Amino acid sequence: MKRFSRLFAFVVIILSVASCGKRKEVGDNPFFEPVWETPYGVPPFDRIVPEHYGPAFERGMSLQNEEIAAIVDNVDEPTFENVILAYDNSGELLARVASVFGMIASADTNEQIQALEAEIYPRLAIHDDAIAMNDRLFEKIRSVYDRRHALDLDEEQLRLTEKIYDDFVRSGALLSEDDKTKLKQINEQLSTLSVQFSSNLLAATNAYELLTEAKQLTGVPAIVRDVARQAAKDRGHGDDKFLFTLQRPSMTSLLTYARDRALREEIFKAYLAMCNDGGEWDNNEIIAEIANLRYEKARLLGYDSYAHYVTSNEMASSPEAVYELLDEIWTPALERADDELRRMQRQFRRDEGRDAEFAAWDWWYYAEKVRISDYNIEESDIREYFSLENVKGGIFFLCNRLYGITIRPLKAPVYHSECEVYEVIDNNDEPLGALYMDFHPRDGKEGGAWCGTFVDQSYRDGERVKPVVSIVTNFTRPAGSTPALLTLDEVETFFHEFGHALHSLFADVEYRGLGGVEGDFVELPSQIMENWAFAPDMLKHYAVHYRKGDVMPEILIERINRSKQFNEGFNTTELVAAALSDMDIHSRQSADLSDVAAFEREALVEKRGLIPQIEPRYHYPIFSHIFDGGYAAGYYFYIWAEVLDKDAFQAFVESGDLFDKSTAERFRREILSRGGERDGMDMYRAFRGDDPDKQAMLIARGLADAEPIVEEETEQVVDIPRVDTREAARQRAERSRREREAARLQAEADSLAAAENPTENPVESN
């Protein structure tokens with residue numbers, strides 16, 4: 001899944017930045033070296049061992065404390081330079097070790113790293129709180145803040161001053177001493193619980209194995225069987241077994257292709273039970289405690305709920321604005337999903353009998369049957385055009401066409417033998433940054449996909465420090481002589497994460513405290529890249545058969561684009577269900593949550609009518625985005641940013657050239673390079689010239705139509721998107737409910753008739 005690791009939340013918390021200090025302490029620990037003499041200053045992974053992290057964290061915290069003390073003890077009048085800039089420049093060593101450790105803990109962990117996480121993250125929370133609630137430091141910051149309009153600050157200096165002041169207030173600087181003590185205790189507890197949640201999820205994921213034999217895998221393509229056979233062999237199960245796990249590529253492959261329904265049921269129920277079965281890795285109590293503590297934290301800081309606390313600092317501004325968007329999408333998405341279900345049930349009943357109940361583990365399998373039937377597209381065949389190397393080459397081509405950059409292999413230290421490293425050269429032939437890519441699942445890697453940084457862009461002595469960026473995914477592995485062949489979803493994920501990488505690589509921000517953007521803006525640079533993934537001109541360039549070398553034929557390109565909205569009701573419903581469950585648990589205005597499963601069921605099924613054949617994308621016990629990934633009360637970010645990305649992409653469409661360099665240059669200048677130097681909406685308006693229009697998103701998801709309307713005077717036909725009103729959506733939902741009830745009653749009548757006349761052939765009731 002597309003998500004950030006724990007690193008991002010931590011980096012935001014400590015506001016760690018590059019220091020102007022000149023310390024030359026050098027020892028055997030690579031983190032103590034002032035500069036890494038490696039290509040692009042990448043971490044010297046060939047010399048870093050787990051034992052280095054603890055001492056580096058210790059010294060990093062100590063040095064930052066000294067830097068904070070120097071600010072506090074300075075007797076000169078507080079100024080931007082001796083307070084704001086000095087604070088912004090504090091913590092160089094801590095930032096360095098935190099960035100590297102945070103990425104490694106997510107991408108290549110082990111028992112030693114996990115033990116260090118459990119020890120160090122609570123201590124880092126204490127360290128951060130000691131700074132954020134330092135009264136003398138805050139008084140100096142407030143002194144500059146109160147006089148900011150009289151200090152002749154430029155736009156970025158003013159924004160940095162206001163941002164740092166606001167961050168301190170949001171971190172509890174204005175609380176009483178008693179409340180500060182309570183908040184510190186809460187933050188320490190939350191840090192500990194987050195690590196426990198993550199460790200449980202990784203352990204549960206790694207522990208599950210579903211061993212099968214060849215005769216059970218009817219319908220499963222050869223490329224999937226080859227990967228499963230290799231996985232069984234790698235884990236010592238011999239050459240005649242096939243291993244499926246709860247890692248996403250493995251599980252969804254079985255759900256999509258296996259004719260054996262019992263096999264699909266077994267793995268899907270194991271997925272639902274992950275960290276949710278009362279065993280040693282059960283996360284329910286942890287979740288309840290996290291949710292209750294977050295509410296208490298929000299109340300201490302003066303907010304009605306944790307969702308109010310989070311959204312007050314985002315583009316959305318309030319939970320009400322988030323719910324308004326999600327509710328507008330929910331009803332038409334659920335209705336569309338219900339239509340998709342009825343379409344699949346026809347085939348399901350032919351296969352399983354009239355009395356069989358379509359279940360959640362049937363959806364992928366029968367959706368694939370519908371795809372083949374309606375669009376003549378079989379994903380196992382499509383994948384042969386999407387080898388990992390081809391897709392990567394296509395993305396490199398796109399980046400060159402849009403931005404003129406060149407991406408080429410770089411020889412540099414790696415943290416795992418599977419990593420690839422590249423240098424990124426700008427359109428003026430100047431080095432832009434370095435890029436790591438780590439593609440395949442393994443036991444030491446968290447699930448999902450994310451993009452992070454080992455080294456953030458910054459300025460040191462007037463020179464731009466080049467970022468070192470990393471894309472981490474869990475794509476299907478190669479098997480034998482067959483390369484890694486990506487699914488359509490994996491292709492889209494690759495484009496998505498590369499958009500995040502470009503955002504970091506293009507960053508050109510003077511003050512590191514202005515490096516971040518609002519959470520509901522951060523997905524714009526990533527999601528806009530998805531719009532090119534299956535554009536015909538792009539497919540013609542990179543979709544090449546891995547074995548034959550043939551470019552994807554026009555007819556297949558046409559079918560892919562004709563099927564863009566295939567299964568979109570399901571996709572949207574499971575996504576919005578997860579976003580709603582996230583908002584619901586964080587909008588609570590009490591600290592009495594105990595039964596996590598009952599709360600989720602009430603929120604989604606009883607309150608909103610989620611059909612039993614669809615599960616939310618993530619149930620709470622495995623929802624790492626919100627309990628271990630910085631997206632608490634923020635999983636809506638993806639939908640919110642989709643409004644931006646679909647509207648922004650229209651700028652390229654309107655130009656008449658999807659690769660228009662002038663539009664791309666404007667997008668880079670106004671959005672990708674600016675970090676958080678301006679509010680997200682201001683940056684968006686600077687690029688687009690107006691506020692975003694959500695019509696493009698609704699149309700793309702099939703939730704609104706473009707209806708031809710004739711203008712009376714000119715009789716010119718104009719395509720104007722039609723968007724359902726709330727009342728119309730309500731009426732359609734009620735109509736859909738009545739249709740489902742009528743279908744149920746008809747099925748009962750048919751069943752009774754069949755029982756009375758057992759020789760009659762079953763007839764499809766729908």
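Annotation: amide H-H contacts under 5 Å for Leu432 (H modelled 1.01 Å from N, sequence separation of 5 or more, or interchain): Val424, Ile425, Asp426. Compute the Kirkwood hydrodynamic radius of region 554-713, taking the inverse of the mean of 1/r over all pairs of distinct Cα atoms, and give it in Å to one decimal. Answer for region 554-713: a Kirkwood hydrodynamic radius of 18.8 Å.
Would you mind checking the pairs Lys369/Lys607; Lys215/Lys564; Lys140/Lys182 and listing those with alpha carbons more than 28 angstrom apart? Exceeds cut-off: Lys369/Lys607; Lys215/Lys564.
A simple spin-label model places the labels of Gln650 and Asp339 2.2 nm from each other, with each point 7 Å out along Cα-to-Cβ. Please give the FRET efficiency for Lys233 paired with Thr181, using the beta carbon to beta carbon distance and R0 = 60 Å, rounded to the nearest 0.05. After rounding, the FRET efficiency stands at 0.60. Between region 185-207 and region 331-358, the alpha-carbon centres lie 38 Å apart. The stretch between Arg147 and Arg170 holds 6.3 nm of extra length on full extension. This uses 0.36 nm per residue minus the Cα-Cα distance. Given the rule -39500 (n - 2.57) for each run of at least 4 DSSP H residues, summed and divided by the residues of the chain, what is its mean residue ellipticity at 222 nm, to the nearest 500 deg cm²/dmol? Helices in the chain give a 222 nm mean residue ellipticity of -17000 deg cm²/dmol. The length gained on full extension between Ser662 and Ala130, counted as 0.36 nm times the residue separation minus their Cα-Cα distance, comes to 186.8 nm.
Under 5 Å between amide hydrogens, built in the peptide plane, is the criterion, and for Gly676 it picks out Gly515, Gly516 among residues at least 5 positions away or on other chains.
Annotation note: trypsin sites (Lys or Arg not before Pro) in region 519-566 located in DSSP loop regions with a Cβ neighbour count of at most 14 within 10 Å are Arg547, Lys548, Lys564.
Computed from the C-beta positions of Asn376 and Glu209 and an R0 of 41 Å, the FRET efficiency is 0.70 to the nearest 0.05. Remark: relative contact order (region 471-585) = 18 percent; criterion is Cα-Cα distance under 8 angstrom and separation of 6 or more residues. Averaging the Cα positions of each part gives two centres, and for region 509-575 and region 254-315 these lie 27 Å apart. Pairs of alpha-carbon atoms within less than 8 angstrom and 6+ residues apart define the contacts here; what relative contact order does the chain have, in percent? That works out to 16 percent.
If R0 equals 41 Å, the separation of the Cβ atoms of Asn313 and Glu357 corresponds to a calculated FRET efficiency of about 0.35. Loop-located GluC sites (Glu not before Pro) across region 161-258 with a Cβ neighbour count of 11 or fewer within 10 Å are Glu213, with loop assigned by DSSP.
No value in this document is a laboratory result; all are computed from the given coordinates. Note that the coordinates shown come from a computational prediction; the quantities given were computed from them, not determined experimentally. Here the Cβ is made from the backbone with ideal geometry for all residues, glycine too, and neighbour counts use every protein chain on show.
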